[in-house]
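**Q** A single structure is presented below for examination.
Rule-based calculations on the coordinates, nothing more; no lab input. All of these numbers come straight from a predicted model, not from anything done at the bench. Here the Cβ positions follow ideal geometry from the backbone for every residue, glycine too, while neighbour counts run over all protein chains shown.
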Amino acid sequence: MKEFKNIKNIIFDCDGVLYKDLDAVFGQVSKRMSEYISRKLNVDLKKAKDLQQNYFHKYNTSLNGLMIHHKIDPHEFLEYVHDINLDFLKKDTVLREELLKLDAKKIVYTNGSRDHVNNITKHLGIHDLFDGIFDIVDGQFMPKPQIEPFKVLIKKFEITPEETVFIEDIAKNLEPTKKLGMKTVWLINNEYWGKKDSDKDFIDLKIKNLSSFLKEINILNAA
């Protein structure tokens, strides 16, 4: 852990990192994606779901594939699919406490929308603790793990990669940040897409719990 002492910037993925119940959140998003694709492309829900999954695996986001093949309006898509009910998400007082103690710039980076991050963080009670949000629009609709949006993020927030940690639940999204010089942390999970490439050497550290990891950083920097 000593290599994480005096870190100046921490970048957090949103879904599956700031909260654990990915199925409850992304299950709703996925359903609305299928509905949107079905309505827009005039196909049944099964065909829509197949397209959604195929585009996700081929282009890293379903939206990317829809933009390439069907000229879908990305803003309309993002607004529709992220209109979900998050009332089941409870305030995370433990995470809030550790975030408050962090002496570092804190940024959320998502392949989703800014509104979605705000919705998630407000329900968790941590929305006021971040220095910035970088979403798919900021990345010019280029999704992780493409390296270009990371370069845009670095410039926008004026961060030095060697002083930065990136935390993700999708292991392969860590590869470009390692190439750029960041320290990489994978939040262990059993999702097929999340754990793919989790055995690669571009991962510096694997953790089971975000709050516990941040607590270790805070203890390290207090010593």
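**Q** Which order do the peptides 167-174, 13-20 take when ranked by the mean count of other beta-carbon atoms within 10 Å per residue, highest first?
**A** In descending order of packing, they fall as 167-174, 13-20.
**Q** Mind computing the radius of gyration and Dmax over the alpha-carbon atoms of segment 49-114? Å is fine for both.
**A** 16.6, 46
**Q** Sticking with this one: What spacing in nm lies between the two simple spin-label points modelled at residue 129 and residue 221, each 7 Å away from Cα in the Cβ direction?
**A** Going from the residue 129 label point to the residue 221 one covers 1.2 nm.
**Q** May I pose another question? Among 193, 186, rank each residue by its count of other Cβ atoms within 10 Å, from fewest to most, as a rough exposure measure.
**A** 193, 186
**Q** For segment 24-81, what does the alpha-carbon gyration tensor say about shape, rounded, prolate or oblate, given a ≥ b ≥ c as the root eigenvalues, a/c under 1.5 as rounded, and a/b over b/c as prolate?
**A** The shape class here is rounded.
**Q** For each of 75, 116, count neighbouring Cβ atoms within 10 Å of the residue's Cβ, then give the residues from fewest to most.
**A** Listed from fewest to most nearby Cβ atoms, that is 75, 116.
**Q** Right, next: Evaluate the Kirkwood expression for the hydrodynamic radius of segment 73-186, namely the inverse of the mean inverse distance over all pairs of different C-alpha atoms, and round to one decimal in Å.
**A** When all Cα pairs of segment 73-186 are included, the Kirkwood radius is 15.1 Å.
**Q** Tally Lys/Arg at +1 and Asp/Glu at -1 over every other residue whose Cβ is under 14 Å from the Cβ of residue 152; what's the total? Show your work: numbers first, answer last.
**A** Details: positive: 144, 151, 155, 156; negative: 135, 138, 148, 158.
That sum, taken over residues with Cβ under 14 Å, equals 0.
**Q** Another one. Cα extents of the chain along the three principal axes, largest first, in whole Å?
**A** 60, 36, 31
**Q** Right, here's the next one. Please give the charge dipole size of the chain, origin at the Cα centre, charges +1 on K and R Cβ atoms and -1 on D and E Cβ atoms. Round to the nearest 20 debye.
**A** Rounded to the nearest 20 debye, it is 280 debye.
**Q** Cα to Cα, under 17 Å, and not fewer than 8 places away if on the same chain: which lysines meet these conditions relative to residue 71?
**A** 40, 58
**Q** Additional query: Could you check the spin-label model distance between residue 2 and residue 46? Points 7 Å from the Cα along Cα→Cβ, value in nm.
**A** 6.0
**Q** Using only alpha carbon pairs under 8 Å that are at least six residues apart, calculate the relative contact order of segment 24-81 and give it in whole percent. List each step's numbers first, then the result.
**A** Details: 46 pairs, mean separation 17.8, N = 58.
Result for segment 24-81 is 31 percent.
**Q** A further question on this structure: How far apart, in nm, are the 7 Å Cα→Cβ label points at residue 163 and residue 54?
**A** Going by the 7 Å Cα→Cβ label model, 4.8 nm.
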